[in-house]
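To start, the structure under review is shown below, and the notes come after it.
The values are calculated or read from the model by the stated rules, or taken from the named source; none is laboratory data. Just so we're clear, the structure is a prediction, and the values are computed from it rather than from any experiment. Note that we place each Cβ from the backbone using ideal geometry, even for glycine, and neighbour counts take in every protein chain shown. These accessible areas exclude ligands, DNA and RNA; they are computed on the full protein's heavy atoms, side chains included. Shrake-Rupley method; radii C 1.70, N 1.55, O 1.52, S 1.80 Å.
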Amino acid sequence: MKPEYIEHVILGGGIAGLGAAHQARRMGTAATIFEARSSAGGLLDNFTIDGFRFDTAVHLSFASEPEVREVFDQTEYLTHNPEALCWDSGHWLKHPAQTNMFPLPSQEKVELIAGLAESPGGGDIANYEDWLILQYGAPIAQRWPLVYTEKYWTVPASELGTDWVGQRMRRADLREVLSGAFKRETPNHYYVKEMRYPAVGGYRAFIEPLIKAADIRYNKRAVAIDPSTRTIRFEDGSQIGYGKLVSSLPLPLLVTLMPDAPEDVALAAASLYATEIDLISVGFNRPGVSPALWFYIYDRDIAAARGYSPDWKSPDNAPPGCSSIQFEIYSSVKNPQRMSAEELKANTVQGLEKMGLATAADIVVLDHRHVTYGNVVFDVGMEDRRDRVRAWVEGRAIHCAGRFGEWGYLWSNQALMSGIAAGRAAFERT
């Protein structure tokens, strides 16, 4: 029996796949999305437990692109100042810690600032550790970013490159550091001035218009792709033929589904890896537990790298009189998670008590979920290996889109733009 033929196909119903379908509609054509899960949204999906809504990790929008705002602004939203805190060994510091050292003991501040002032500067930068020490001096780098790198990226900074950094890390300025050591009140140096979040429905509400407009087939996990015959086989045994294809599947996974990948491409793809996330979502029986919209955790005995407050983002995310925090705990093939779900929950409760935020008696929801793909890891030389893989895949007339399809560090607005660009390139009329 001849398989069903669909001219325009998209693999993956996350924001990038939805963006590609959106672009197809804008060009006056149609595309069908095949999604492995029973719901769309990918990392932007959410879940609700006893009236507490949690996103899949932290999400806030600072999109400026007209194409993105055209979609997101269909949803009523709240605005927030991007103000975060840092927990470090009994102290709450404003973020970034190096320019907000006021709460620390005087002698600690002296040693940290002296390290920055005495840093010789210059020299070759072979990896992210070199970059951090050059930027902040060894004492500050060792106190905060080197520790956080291992918690968030799961590997030492010496194993990471630097091309991903961009504006994500605040460069050190001696005057800013000195000012933040003497004054409690300091300017907010975050790289955006406003963050937006849906008033109702969680972050997924921003992409709900795209989901409603799309033709999506759910529970369709691709298990084999043959670009030579332009066919895709799914886990349920069904098969389709296609004319043009956009994939937002993780790039290394995509290569494993293709039978004709040469050995060097397969090896390069196998070397690419991402972090995984264990989410511990906590609902409290009282308001105002979180000290900030989100916060970073430097203590090594607390497994979580950061936490954020869903009810701070929108009161709609928690029942009246209650509040919530979701914690992110990272692992990877380079540093596998060795704690069980129950151990991670217990560690999180101990962390809440250590940080002075809550006790077990305050908790009414304590949930664990595992996210297989969190962030692409930019280990040294990754970009060259990734680019070789992408060039081969795109040479097979497959257009890559999204954080994991492109294998890059893309925020939600950038992932949507990636999908739009892939849709434009793939589905343009010839």
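Structure above, values below:
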{"read-out": "Test set (1) under 18 Å from LEU60 (Cβ atoms); (2) open to solvent by 20 Å² or more (accessible area, probe 1.4 Å) - ILE216 fails condition number", "value": "(1)"}
{"read-out": "Leading residue by the ranking (farthest from the chain's Cα centre (by Cα)) among those in region 282-302 that are closer than 28 Å to GLY408 by Cα and crowded, with 22+ Cβ neighbours inside 10 Å", "value": "ILE297"}
{"read-out": "Residue, farthest from ALA274 (Cα to Cα), within region 138-179, restricted to residues that are at pLDDT below 85 and open to solvent by 40 Å² or more (accessible area, probe 1.4 Å)", "value": "ASP173"}
{"read-out": "When residues of region 114-137 are limited to those that are hydrophobic (A, V, I, L, M, F, W, C) and surrounded by 20 or more Cβ atoms within 10 Å (Cβ to Cβ), the one nearest to VAL165 (Cα to Cα)", "value": "LEU132"}
{"read-out": "Unique match (being without any contact (Cβ under 8 Å) to a residue 40 or more places away in the chain and within 29 Å of ALA199 (Cβ to Cβ)) among GLU108, GLU83, GLU118, GLU70", "value": "GLU70"}
{"read-out": "Pairs with Cβ under 7 Å, 6+ apart, first in region 304-318 and under 18 Å from CYS86 (Cα atoms), second basic (Lys, Arg)", "value": "ALA305/LYS151; PRO310/ARG53"}
{"read-out": "Criterion: part of a helix (DSSP H, G or I) and not hydrophobic (A, V, I, L, M, F, W, C) - qualifying residue of LYS220, LYS193, LYS212", "value": "LYS212"}
{"read-out": "Residue match in region 232-239 (condition: open to solvent by 30 Å² or more (accessible area, probe 1.4 Å), farther than 16 Å from ALA397 by Cβ, touching a residue at least 60 places away in the same chain (Cβ under 8 Å) and among the hydrophobic types (A, V, I, L, M, F, W, C))", "value": "no"}
{"read-out": "Single residue of region 24-56 satisfying the filter (small (Gly, Ala, Ser) and out of contact with any strand residue (DSSP E or B) (no Cβ under 9 Å at 6 or more places or on another chain)) that is nearest to ILE240 (Cα to Cα)", "value": "SER38"}
{"read-out": "Single residue of region 405-420 satisfying the filter (in contact with a strand residue (DSSP E or B) (Cβ under 7 Å, 6 or more places away or on another chain) and not hydroxyl-bearing (Ser, Thr, Tyr)) that is most open to solvent (accessible area, probe 1.4 Å)", "value": "GLU406"}
{"read-out": "Whichever residue in region 43-74 is surrounded by 20 or more Cβ atoms within 10 Å (Cβ to Cβ) and of a type in the set (Val, Ile, Thr) and, among such residues, is nearest to the chain's Cα centre (by Cα)", "value": "THR56"}
{"read-out": "Filter pass, ALA224 being open to solvent by 20 Å² or more (accessible area, probe 1.4 Å), in contact with a strand residue (DSSP E or B) (Cβ under 8 Å, 6 or more places away or on another chain) and among the aliphatic types (A, V, I, L, M)", "value": "yes"}
{"read-out": "Region 386-406 residues that are free of Cβ contacts under 8 Å to residues at least 24 places away in the same chain, paired with ones that are of a type outside the set (S, T, N, Q) and buried (at least 23 other Cβ atoms within 10 Å of the Cβ) (beta carbon under 6 Å, 6 or more apart)", "value": "none"}
{"read-out": "Residue in region 16-42 that is farthest from the chain's Cα centre (by Cα), counting only those that are among the β-branched types (Val, Ile, Thr) and within 18 Å of ALA222 (Cα to Cα)", "value": "THR32"}
{"read-out": "Long-range neighbours under 8 Å by Cβ, at least six apart or interchain, first residue open to solvent by less than 60 Å² (accessible area, probe 1.4 Å) within region 342-363, second small (Gly, Ala, Ser) and in a strand (DSSP E or B)", "value": "ILE363/GLY283"}
{"read-out": "Where a residue in region 202-217 is closer than 12 Å to HIS22 by Cβ and its partner, wherever it lies, is open to solvent by 50 Å² or more (accessible area, probe 1.4 Å), with Cβ under 9 Å and at least six apart", "value": "PRO209/GLN74; ALA213/ARG25; ALA214/ARG25; ASP215/ALA30"}
{"read-out": "Region 94-127, residues that are of a type in the set (S, T, N, Q), under 12 Å from VAL177 (Cα atoms) and not in a loop (DSSP other than H, G, I, E, B)", "value": "GLN98, THR99"}
{"read-out": "Criterion violated by ILE325 - all others in (1) surrounded by fewer than 22 Cβ atoms within 10 Å (Cβ to Cβ); (2) of a type outside the set (S, T, N, Q); (3) without any contact (Cβ under 8 Å) to a residue 60 or more places away in the chain satisfied", "value": "(1)"}
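Yes or no, residue by residue, for (1) over 19 Å from TRP312 (Cα atoms); (2) among the charged types (D, E, K, R):
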| residue | (1), (2) |
| --- | --- |
| ASP45 | no, yes |
| HIS59 | no, no |
| ALA63 | yes, no |
| VAL68 | yes, no |
| LEU85 | no, no |
| LYS94 | no, yes |
| GLN98 | yes, no |
| PHE102 | yes, no |
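Rundown of residues vs (1) at pLDDT 95 or above; (2) part of a strand (DSSP E or B); (3) loosely packed, with under 14 Cβ neighbours inside 10 Å; (4) in contact with a Phe, Trp or Tyr (Cβ under 9 Å, 6 or more places away or on another chain), yes/no style:
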{"site": "ALA181", "(1), (2), (3), (4)": "no, no, no, yes"}
{"site": "PHE206", "(1), (2), (3), (4)": "yes, no, no, yes"}
{"site": "GLY243", "(1), (2), (3), (4)": "yes, yes, yes, yes"}
{"site": "ASP260", "(1), (2), (3), (4)": "no, no, yes, no"}
{"site": "ALA266", "(1), (2), (3), (4)": "yes, no, no, no"}
